[in-house]
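What follows is a short report on a single structure.
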Amino acid sequence: MKHDLLKEYRNRFHKEAEHLFFCPGRVNLIGEHIDYNGGKVMPCAINLGTYLAISRNTEKLLRMQSIDFPEGAGLHLQESYTRSGKAWYNYPLGVISYLQEEGHAVSGLDLLFGGNLPLSSGLSSSASIEIVTGFALNEIFRMKIPKPDLALLCKKVENEFIGVNSGIMDQFAVAMGKEGHAILLDCDTLEHEYLPVQLQEYVLVIINTNKPRNLIESAYNERFMECGKALKALKTVLPVQNLCDIAPDEFLLHRHVINDPVLEKRALHVVFENDRVKQAAKALKTNDLVAFGKLMYASHQSLEELYEVSGDELDTIVHFCKTYEGCIGARMTGAGFGGCAIALVKRDKADDFAAKCSAHYMEEIGYACDVFAASVCDGVKEVIS
Ligand code: GLA
């Protein structure tokens with residue numbers, strides 16, 4: 001991948017790339033749709049992601065191209081920029097724009113992106129392209145921005161430049177990932193702890209539903225708003241800032257004030273999912289993968305029935321996993337509405353699992369899913385300079 005990208009860089013820009021950066025994607029082991037509710041999540045960076053080959057130019061031009069998309073952009077350097085429809089380069093453009101708005105000087109740049117992360121699959125391809133851009137500029141122009149601040153800037157891009165009310169999890173995970181570790185991240189304070197992921201005789205498998213996620217942005221923003229409404233009602237009786245500040249028993253005592261069955265279901269998911277993350281952290285620390293797996297299944301069920309962000313495709317996979325003997329836990333990961341599921345599968349059963357899961361999915365859904373193993377790797381880094 002990286003050699004092809006560097007060769008393509010030469011073809012397109014008629015010079016060598018000065019730098020090559022890589023930013024991974026992520027899976028979230030547990031703690032879904034609670035980052036924007038001030039909860040705890042447990043993502044890890046994976047060995048698939050986005051490469052960026054980049055050099056400065058003296059023509060005051062921002063040239064952004066990708067080997068994955070035909071269209072590219074060539075813009076004159078300005079003080080700030082506006083979004084251009086649905087183009088992929090809005091992500092790097094937003095990052096460059098917000099860095100400049102924060103007073104960081106930037107020269108002309110020639111950027112070529114390329115990735116091996118399936119796009120729109122819930123593995124954070126957007127956070128990956130944002131962070132690789134921000135990290136590259138941070139290094140090249142010596143901006144000295146700490147990685148958590150870079151993650152916050154990229155979250156702002158997602159929220160304001162792109163228009164999705166997402167939380168901090170994805171940007172933080174792909175920036176701060178650590179090989180062989182999950183990040184237990186408090187999304188309210190950004191305090192975090194690295195937990196070793198020791199899978200013993202299991203492997204972490206990713207199953208991509210290959211379902212196009214067209215409505216994801218509007219559905220995601222709808223859940224965000226629903227949580228805000230439930231919180232507003234609960235604040236009338238509880239002194240809290242976030243839904244995740246509420247303990248499960250406290251919630252059960254006060255849930256009636258929400259006075260709307262749909263909002264109540266959403267909040268029920270959020271409060272109990274946050275609690276599951278705490279239990280999952282304990283299970284990981286004591287190497288109890290079976291307990292961890294059960295929590296994954298419980299998390300999925302809650303996302304399916306209470307938060308309603310799953311769908312037939314993801315449910316078909318997770319329900320299959322429950323019937324498969326060598327699988328001890330599975331759930332959707334990321335925003336949902338399609339995208340990917342993750343599963344903990346016995347290493348010596350991984351090939352058999354992939355074959356049977358694929359056949360079952362094809363029969364039920366009518367098109368193929370992709371099943372692949374993932375390893376847990378470091379966050380964004382420079383590959384060559
Ligand atoms: C997307 C968002 C994250 C998070 C997840 C759901 O990946 O970008 O901030 O909300 O969905 O947990």
* Counted residues, region 360-385 - those being more than 30 Å from P146 (Cα to Cα) and either acidic (D, E) or assigned to a strand (DSSP E or B) (or both) -> 6
* Given the conditions (1) of a type outside the set (A, V, I, L, M, F, W, C); (2) within 22 Å of the chain's Cα centre (by Cα); (3) open to solvent by less than 40 Å² (accessible area, probe 1.4 Å), report the number of the one that D110 does not fulfil. => (2)
* Structure fact -> Residues of region 24-67 being open to solvent by 10 Å² or more (accessible area, probe 1.4 Å) and away from the ligand (no atom under 16 Å from the Cβ), in sequence order, are N47, Y51, R56, N57, T58, E59, K60, L61, R63, Q65, I67
* Asked: For region 154-254, list the strands (runs of 3 or more DSSP E) that sit wholly inside it and hold at least 1 residues that are surrounded by fewer than 17 Cβ atoms within 10 Å (Cβ to Cβ) and aromatic (F, W, Y); which are they?
  -> 192-196
* To do: Starting from region 155-166, keep only residues that are without any contact (Cβ under 8 Å) to a residue 24 or more places away in the chain, then list their pairs with residues that are near the ligand (Cβ under 10 Å from one of its atoms) whose Cβ atoms are within a distance under 8 Å, requiring at least 6 positions of separation or different chains.
  => K155/S166; K155/G167; K155/I168; K155/Q171; N159/N165; N159/S166
* Asked: Name the pairs: first residue in region 349-369 and touching a residue at least 12 places away in the same chain (Cβ under 8 Å), second residue among the acidic types (D, E), Cβ to Cβ under 8 Å, at least 6 apart or on different chains?
  -> K349/E325; Y361/E313; E364/D312; I365/D312; I365/E313; C369/E313
* Among the residues of region 84-129, which ones are within 18 Å of I145 (Cα to Cα), touching a helix residue (DSSP H, G or I) at 6+ places or on another chain (Cβ under 9 Å) and either within 16 Å of the ligand (Cβ to nearest atom) or among the acidic types (D, E) (or both)? -> G94, V95, E102, A127, S128, I129
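The values are calculated or read from the model by the stated rules, or taken from the named source; none is laboratory data. Keep in mind that what you see is a predicted model, and the values were worked out from it rather than measured. Cβ: placed from backbone, ideal geometry, glycine included. Neighbour counts: every protein chain shown. To get the accessible areas, we keep the full protein, side chains included, count just its heavy atoms, and leave off ligands, DNA and RNA. Shrake-Rupley method; radii C 1.70, N 1.55, O 1.52, S 1.80 Å.
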